[in-house]
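Asker: Sharing a structure here in structure tokens format.
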Amino acid sequence: MRSSNVHFPKDLAEALDVLHRQPGILIFAGGTDILREQGGRGIALPEDVLYVRDLPELRRAGLTERFLEIGAAVTVSELLELGNAALPPLLSETAYGIGSSAIRNLATVGGNIACRSRFMDLWPVLACLDALVELRDQGGATWMNVNRLVSENGKPAFPEGGLLTRVRVPIEHWDAYLVRKVGLSDYPAPETALFSFAARAEKGILVELRIAFAGELAIRSQALESGIIGRSLPLSQRECAQFAESYRELASALSEGLALQFVALVGGAFELLAR
Amino acid sequence: MTISFILNGEDVSANTRSVDRLSDILRERFGLLGVRSDCRCGRCGRCLVFLNGRLVPSCIVPAFAAKGKEIITIEGYALTEDYIDITEGFKDAGVATCGFCDASKIMATAALLEHTPRPSPEQILDQLSSAPCRCTDPEAVVKAVQAVAERRSKRLYHRAL
């Protein structure tokens, strides 16, 4: 097995310089997604690897008045250590459900978002929270909504050529939320996915609604959400059933098993608004 | 490439390639046979080591990621008083782990108590998900870890006096 050239940049500027010179280089942080399916003796990596796990600029996390800001190389354990006061409940519940505690010590927030083979657990939650990601290259920084990291056919579409440096999660209050893992495996598999739902009401009116679901494919319809926002709460049983049914067509891209579970979870989420 | 790191308290260097797993380097270059490399996907827990104080499955850590870091294996941890707390605490609680999981359960317990001196049953079960094994009743393991926590806090209290 061929050995790779591993670059250890000392700071972000040096990492961006390497990335500029070698745009196709593999960006490596925790490596859990890259290594989890390589059960053989050696690790197969491309010819050039950019090791960013220890870059100080990517290791910071903190709270401002409006945002939770997370460096891309912050591990899932470190994210959880920010505590429930700093983390939206949707995010902390999801992070706590990722792998074992030892895996969470390795897996990074950026790696979870930038995975190109499938959507990992953080994507649907960050999509629900309308989080932004910062992509850096030598030309500067671009902020992009997590919802844009999806191709037209619902597959992951993380942009090539840039380095994911930070994630910014708006701090908002949610009156109802639900997050559920789907599938029997604790590890990513074709029949595993994550469902995420958040809603906010003001004076008995539903003013914000977000539903995202992702595994190998991602589902989120802001058009359907907009059609439901503005309803009076609590929803009637008839409305719950009607709204759940409206998501059935979106689920047709999923396997039969995942589609059934997705529609059932949408129904369960609307039930929360019927109480 | 040659990487330098601290292994069980000593400065060491190793000539590695990017294909090398940390677990393999620790076993084969340094003879630390308490680090196993069985599943090679981070699930079985038999390769757990402390990497800069964090418990990680070393079979899914490339050796190059150890550059400049500190690693403690079960061999290094076995020289500490905390190790004695854990093994004696397990013994007192009547929990006998098997040869498959004893080192990983000790390392997982150590990591938990380092940050959470009085863990809840949920925290214990979550932590021990890193060292899965069906040899022992989970409820018994929870009680054993709580016994270890008690023993450890008493020792630290007496030392502080």
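Asker: Quick one: which of B:37, B:104, B:58 is small (Gly, Ala, Ser) and over 11 Å from the mean Cα position of the chain (by Cα)?
Answerer: Matching residue, one of B:37, B:104, B:58: B:37.
Asker: Right, another one. Of all the residues that make up the stretch A:20-56, how many are of a type outside the set (A, V, I, L, M, F, W, C) and part of a loop (DSSP other than H, G, I, E, B)?
Answerer: Total meeting the criteria: 16.
Asker: Here are some conditions: (1) touching a Lys or Arg at 6+ places or on another chain (Cβ under 8 Å); (2) under 21 Å from residue A:177 (Cα atoms). Residue A:87 meets all but one. Which one does it not meet?
Answerer: (1)
Conditions (1) at pLDDT 95 or above; (2) crowded, with 16+ Cβ neighbours inside 10 Å, marked per residue:
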position	(1), (2)
B:112	yes, yes
B:115	no, no
B:121	yes, no
B:128	no, yes
B:134	no, no
B:147	no, yes
B:156	no, no
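Asker: Pairs only if they're at least six apart or on different chains, beta carbon under 6 angstrom, first in the stretch A:85-105 and more than 13 Å from chain B (Cβ to nearest Cβ), second at pLDDT 95 or above and assigned to a helix (DSSP H, G or I); list them, first residue then second.
Answerer: Pairs that qualify, where the first residue is more than 13 Å from chain B (Cβ to nearest Cβ) and the partner is at pLDDT 95 or above and assigned to a helix (DSSP H, G or I), are A:90/A:125; A:91/A:125; A:94/A:125.
Asker: For the stretch A:78-91, which residues satisfy the criterion of being under 26 Å from residue A:27 (Cα atoms) and surrounded by fewer than 22 Cβ atoms within 10 Å (Cβ to Cβ)?
Answerer: Hits for the stretch A:78-91 are A:78, A:80, A:81, A:82.
Asker: In addition: How do the pairs read when you match residues in the stretch A:216-234 that are buried (at least 16 other Cβ atoms within 10 Å of the Cβ) with residues anywhere that are among the hydroxyl-bearing types (Ser, Thr, Tyr) and not in a helix (DSSP H, G or I), using Cβ under 7 Å and keeping only pairs 6 or more apart or on different chains?
Answerer: Taking only residues 6 or more apart or on different chains, the pairs are A:224/A:247.
Asker: Which members of the stretch B:92-109 meet the condition of being out of contact with any Leu (no Cβ under 8 Å at 6 or more places or on another chain), closer than 24 Å to residue B:33 by Cβ and of a type outside the set (Val, Ile, Thr)?
Answerer: Of everything in the stretch B:92-109, those that are out of contact with any Leu (no Cβ under 8 Å at 6 or more places or on another chain), closer than 24 Å to residue B:33 by Cβ and of a type outside the set (Val, Ile, Thr) turn out to be B:96, B:98, B:99, B:100, B:101, B:102.
Asker: Report, by residue number, each residue of the stretch A:103-129 that is touching a Ser or Thr at 6+ places or on another chain (Cβ under 8 Å), of a type outside the set (Gly, Ala, Ser) and within 19 Å of residue A:162 (Cβ to Cβ).
Answerer: A:108, A:109, A:122 - these are the residues of the stretch A:103-129 that are touching a Ser or Thr at 6+ places or on another chain (Cβ under 8 Å), of a type outside the set (Gly, Ala, Ser) and within 19 Å of residue A:162 (Cβ to Cβ).
Asker: What number of residues within the stretch A:218-274 satisfy the criterion of being out of contact with any strand residue (DSSP E or B) (no Cβ under 9 Å at 6 or more places or on another chain), within 28 Å of residue A:122 (Cβ to Cβ) and basic (Lys, Arg)?
Answerer: Number satisfying all stated conditions: 1.
Asker: Kindly indicate the residue of the stretch B:104-161 that is among the basic types (Lys, Arg) and within 17 Å of residue B:81 (Cα to Cα) and also nearest to the other protein chains (Cβ to nearest Cβ) among those meeting that condition.
Answerer: Result: B:105.
Asker: I would also like to ask the following. Count, please, the residues in the stretch A:37-50 that happen to be touching a Pro at 6+ places or on another chain (Cβ under 8 Å) and at the interface with chain B (Cβ under 8 Å from one of its Cβ atoms).
Answerer: So the answer is 2.
Asker: Determine which single condition residue A:135 fails, assuming it passes every other condition in (1) assigned to a helix (DSSP H, G or I); (2) more than 14 Å from the chain's Cα centre (by Cα); (3) closer than 30 Å to residue A:224 by Cα.
Answerer: Tallying (1) assigned to a helix (DSSP H, G or I); (2) more than 14 Å from the chain's Cα centre (by Cα); (3) closer than 30 Å to residue A:224 by Cα, residue A:135 fails exactly one: (1).
The values are calculated or read from the model by the stated rules, or taken from the named source; none is laboratory data. Quick caveat: nothing in here was measured; it's all calculated off a predicted structure. When we count neighbours, we look across all protein chains shown, and the Cβ atoms used for this are built from the backbone with ideal geometry, even at glycine.
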